[in-house]
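Input: a single structure, listed below in structure tokens.
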Amino acid sequence: MPVLVEAERLEKSFGPIVAVDGISLSVKKGEVLGFLGPNGAGKSTTMKMITGFLEPDRGRTRICGLDVEESPKEAKAKLGYLPEGAPLYGEMTPRAFLTFVAEVRGYRGADVKSRLALAVERTGLGSVLEQRIETLSKGFKRRVGIAQAILHDPPVLVMDEPTDGLDPNQKHHVRELIREMATEKAIIVSTHILEEVEAVCTRAVIINKGRIVADGTAEDLMRRVPYHGAVAIRVASERARAVISVLEQHEEVTRVETVSEAAGRTHLRAIPVDGKAIATGVASLLRDKALAVDELFIERGRLDDVFRDITTSEQDSNHA
Amino acid sequence: MPSSLETAAIIAKREFAAYFATPLASVFLTIFVAATGAFAFYIGGFFDRGQANLHSFFAYHPWLYLLLVPAVAMRLWAEERKSGTIELLMTLPISPWEAILGKFAAAWAFVGLALVLTFPIWITVNLLGDPDNGVILASYLGSFLMAGAFLAIGSFVSALTKNQVIAFILAATICFLFVMSGVELVQNTLRAWTPGVVAQAVSSMSFLTHFEHITRGVVALPSIVFFLSLIAFALFANVIAVDQRKAA
Amino acid sequence: MNSTFETARSSLARALDGAWTWALERSEGLSRPALAWGSLALAGVILLSVNLMSSVSLRNWKADLTEDRLFTISDGTRQVLRAIDEPIKARVYFSSRLAEAAPSYARYFDRVRALLEQYRDISGGKLELAFLDPEPFSDAEDRAVAAGLRGIRLNAEGELGYFGLVATNATDNQETIGFFSPDRESFLEYDATKLVHTLANPKKHVVGLITALPVDGGKSPMAAMGAPDQQQSPPWLIMDQIREKKPMVS
């Protein structure tokens, strides 16, 4: 699969503040890359450089082999971009706005109509085409932004927090859309939500303080958290001790932690050896021993914990 | 991909339509026509002078432009910055030149429209007497060119800052200097204190000097060169400003 | 005018040359912003020089859109104006009260003024202009009347309004246009040019010579008999000097 986006050692400072400190990445066709990171990490700045809105102090970006700074028009023709907050011309209607974008991108006459129709269908804008954009709800505004980005069916899509502020239904709809387009395009999506990375992205990078600090699939990232993949058990407090001793004998269980105790219920956590999948083993063991439990589920790493893990390890390495 | 001029035209079309999306446009046009009319007929003593010409009408154009044109110009870029649409615009396959040219053309056309709306005054004068229509035509052309110069400067300043108030004040100040440099008092002071070349140089760069020549009825090439070269320079500066803000 | 242009042009050329060399040397280490604003400064210099040059060399390229063709001057007039040797001082008297009383005179005055200012430009300053408003009982009025300008009655008080021209040359000849009557508007350029021409070429008095002496050079009686090599005595020196200034008839 060809590499459609290549960013080499991008750097950007605003006065004394170093926003981006040497970020490189590459995205192939068919890949959806997730940008994760706390606020101010440099996600948006990186995206602005990739799309040619900001000029990097150092480094360069190539879209489909075209250098964004040297051949901006050609590179941007291959790119669809949804900026943060989905800025739009409020006084225009979606139809007028999308027509404008289509014309700027070189479509004329009947082509404009067909391109518009396709984008409108994919984003479900049919009912609001003649309404002024400023009167639309946040969800619809976001959809107009997406429509504008996919109008010309670009090989590369860059979306800055596309589901931010949307309700669960709308989030779902957008993620569906991204998944649909994923096979034919190289897509970069930035987000705060790990769940989104799981749902949509094939790979993710975590950015902190202008640098990439983690790179891998969603699974890879979650594994950084010690309790990821652990089996959590909720059981009546009287039986807790029994459960603990039974599970600790299991060869694939490192140890069992007591997470909390409340209202006669204890939350236990069985930590696996080497991240092995122990759920089935634990369940059958408990059944054999006839130990009834209220709940049994597999814990998944949470994004804030991943972040915390990374930032603490960074601080540790700084002090080392 | 469309040609540069085509792209600029598409952007100009969008910009021009945007003017009329709010009542702001109608308000501006009304104020312009009313103000020029008021200055011409009442303050300019049109009826007292009893002459069939529009000298009093055109005499106030430089000063009215000083107030009204920066208001039109300042929203060109400052608005896009504030709403964030600049990020959208600058990631479309267009070059800064095309965007700047398109926006300028739309703004100039809008001011041109304002001038056209004052034609009833021209018709009135023809009904009241027998004016020199050649002079009036020349004056309209001169006024249109001068408005273009005001706009180009305003557009450049608008690209420098996000703050529309600062953009307005700065643009008005620069234009003020360009107008005042042609006022007799300033000219005489210069002639008294500096070598003749300086006074002539300043005069050749003044809006007022060139505009006054044109309103006499003679369209001299140096005047056309002046306005067009100033517009070109301001647009070039505009490109630099947009480019630099991109890097900032 | 031309020498100013030349000085401006050469100093500009030197400045540009120096700036270019400096820019070349420094452009290696220049950051993008410096380069950008530097090129803007250069563009500014170009703007100024283009305008200065065009205002000097292109100033005669113009389109006269006025209905009366106020600003178009015939070649004959141009010739006369350019041929002016000694300065001619012209004073135009126009009463502001006349303008108020009869606006048509104001319009005609605009035309007259435009024309004469053009004359002044073409003559390269040899024709000097002054505009005066002879208010009733002012010195200006006295001078206007003394020069022979006619006034027309403005109102019941007997105040007079003037619209005329008084011009003098270096030898104190005086020519006037008593009153610019709109009836003669189509002859305006002709009248004005004729006046200038008269002042520029003052009439020479003819001197007649009657004498028995060979003041004007003598001929020996032999020459009349056809002897070609006879000497002739040259005219007296004084004759040459007189001939210089005035035509002579013997």
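Does B:Trp77 satisfy the criteria of being within 30 Å of A:Pro72 (Cα to Cα), assigned to a helix (DSSP H, G or I) and either more than 12 Å from every other protein chain (Cβ to nearest Cβ) or not charged (D, E, K, R) (or both)? Yes; evaluated as a whole, the condition is true for this residue.
Scanning segment A:208-218 for residues that are in contact with a Lys or Arg (Cβ under 9 Å, 6 or more places away or on another chain) and among the acidic types (Asp, Glu) turns up at least one hit.
Looking at segment C:82-101 only, could you name the residues that are without any contact (Cβ under 8 Å) to a residue 40 or more places away in the chain and among the polar types (S, T, N, Q)? Please lay out each step first, then the result.
Start the filter on segment C:82-101 by keeping residues that are without any contact (Cβ under 8 Å) to a residue 40 or more places away in the chain, which leaves C:96, C:99-100.
Listed by number, the list holds a single entry, C:Ser96.
Among the residues making up segment B:118-164, those that are at pLDDT below 85 and more than 14 Å from chain C (Cβ to nearest Cβ) are B:Thr161, B:Lys162, B:Asn163, B:Gln164. For segment C:102-140, give me each residue that is within 11 Å of chain B (Cβ to nearest Cβ), without any contact (Cβ under 8 Å) to a residue 60 or more places away in the chain and of a type outside the set (A, V, I, L, M). Scanning segment C:102-140 gives C:Pro103, C:Arg107, C:Asp110, C:Arg113, C:Glu117, C:Gln118. Looking at C:Gln241, C:Gln231, just one residue is loosely packed, with under 12 Cβ neighbours inside 10 Å, at pLDDT below 80 and within 22 Å of C:Glu86 (Cβ to Cβ), and that residue is C:Gln241. When the residues of segment B:41-59 are narrowed to those that are closer than 21 Å to B:Cys175 by Cβ and in contact with a Ser or Thr (Cβ under 7 Å, 6 or more places away or on another chain), which ends up modelled with the lowest pLDDT? It comes out as B:Phe57. Name the residues in segment B:1-24 that are surrounded by fewer than 18 Cβ atoms within 10 Å (Cβ to Cβ), in a helix (DSSP H, G or I) and more than 10 Å from every other protein chain (Cβ to nearest Cβ), would you? Residues satisfying the conditions are B:Leu5, B:Leu24.
Conditions tested, residue by residue: (1) closer than 25 Å to A:Ile146 by Cβ; (2) outside any strand (DSSP E or B); (3) without any contact (Cβ under 8 Å) to a residue 12 or more places away in the chain.
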residue	(1), (2), (3)
A:Ser13	no, no, no
A:Gly34	yes, no, no
A:Ser44	yes, yes, no
A:Met49	yes, yes, no
A:Glu55	no, yes, no
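Here A:Pro2 meets each of (1) surrounded by 17 or more Cβ atoms within 10 Å (Cβ to Cβ); (2) at pLDDT below 90 with one exception, condition (1).
Is segment B:127-147 home to any residue that is within 19 Å of B:Tyr60 (Cβ to Cβ) and free of Cβ contacts under 8 Å to residues at least 12 places away in the same chain? Yes - at least one qualifying residue is present in segment B:127-147. On the basis of being in contact with a helix residue (DSSP H, G or I) (Cβ under 7 Å, 6 or more places away or on another chain) and assigned to a helix (DSSP H, G or I), does C:Val166 make the cut? So C:Val166 does not fit the description; no. Report whether or not C:Val45 is assigned to a helix (DSSP H, G or I), farther than 30 Å from C:Ser123 by Cβ, within 13 Å of another protein chain (Cβ to nearest Cβ) and modelled with pLDDT of 85 or more. Taking the combined requirement at face value, the residue satisfies it. Screening C:Glu86 on (1) of a type in the set (Asp, Glu); (2) more than 9 Å from chain B (Cβ to nearest Cβ); (3) part of a helix (DSSP H, G or I) shows it passes everything except condition (3). Filter segment B:106-117 for residues that are surrounded by fewer than 19 Cβ atoms within 10 Å (Cβ to Cβ) and either in contact with a Cys (Cβ under 6 Å, 6 or more places away or on another chain) or touching a residue at least 12 places away in the same chain (Cβ under 8 Å) (or both); which is farthest from the other protein chains (Cβ to nearest Cβ)? Once the filter is applied, the top-ranked residue is B:Leu117. The set of residues in segment A:93-138 that are without any contact (Cβ under 8 Å) to a residue 12 or more places away in the chain, of a type outside the set (A, V, I, L, M) and away from every other protein chain (no Cβ under 14 Å) comprises A:Lys113, A:Ser114, A:Glu121, A:Gly126, A:Ser127, A:Ser137. Of all the listed residues (B:Phe233, B:Phe211), the sole one being within 7 Å of another protein chain (Cβ to nearest Cβ), outside any loop (DSSP other than H, G, I, E, B) and at pLDDT 85 or above is B:Phe233.
Residues that are among the small types (Gly, Ala, Ser) and surrounded by fewer than 22 Cβ atoms within 10 Å (Cβ to Cβ) within segment B:207-236 comprise B:Ser229, B:Ala232, listed in sequence order. In a residue-by-residue description of segment A:40-54, the property of being within 11 Å of chain B (Cβ to nearest Cβ), under 20 Å from the mean Cα position of the chain (by Cα) and at positive phi applies to no position.
Among the residues of segment C:87-104, is there at least one that is at pLDDT 85 or above, surrounded by fewer than 18 Cβ atoms within 10 Å (Cβ to Cβ), over 28 Å from B:Phe47 (Cα atoms) and under 11 Å from the mean Cα position of the chain (by Cα)? Don't jump to the end; show me each part of the working.
To start, the set of residues in segment C:87-104 that are at pLDDT 85 or above comprises C:87-95.
Still in the running and surrounded by fewer than 18 Cβ atoms within 10 Å (Cβ to Cβ): C:87, C:89.
Of the ones still in play, those that are also over 28 Å from B:Phe47 (Cα atoms) are C:87, C:89.
Subset that is under 11 Å from the mean Cα position of the chain (by Cα): C:87, C:89.
Checked segment C:87-104: at least one residue is at pLDDT 85 or above, surrounded by fewer than 18 Cβ atoms within 10 Å (Cβ to Cβ), over 28 Å from B:Phe47 (Cα atoms) and under 11 Å from the mean Cα position of the chain (by Cα).
Here B:Met74 fulfils each of the conditions (1) closer than 30 Å to A:Glu70 by Cβ; (2) crowded, with 22+ Cβ neighbours inside 10 Å apart from (1). When segment B:191-225 is filtered for residues that are among the aliphatic types (A, V, I, L, M) and within 17 Å of C:Gln118 (Cα to Cα), the ones remaining, listed by number, are B:Ile214, B:Val218, B:Val219, B:Ala220, B:Leu221.
Considering only segment C:130-150, I want to know if a residue exists there that is in a strand (DSSP E or B), crowded, with 19+ Cβ neighbours inside 10 Å and not aromatic (Phe, Trp, Tyr). No, that holds for no residue. From the list A:Tyr81, A:Tyr89, the one residue that fits, being within 11 Å of chain B (Cβ to nearest Cβ), closer than 23 Å to A:His172 by Cα, buried (at least 17 other Cβ atoms within 10 Å of the Cβ) and among the aromatic types (Phe, Trp, Tyr), is A:Tyr81.
The values are calculated or read from the model by the stated rules, or taken from the named source; none is laboratory data. Nothing here was measured: the structure is a model prediction, and the numbers come from that model. Counting neighbours? That spans all protein chains shown, and the Cβs are built from the backbone with ideal geometry, glycine included.
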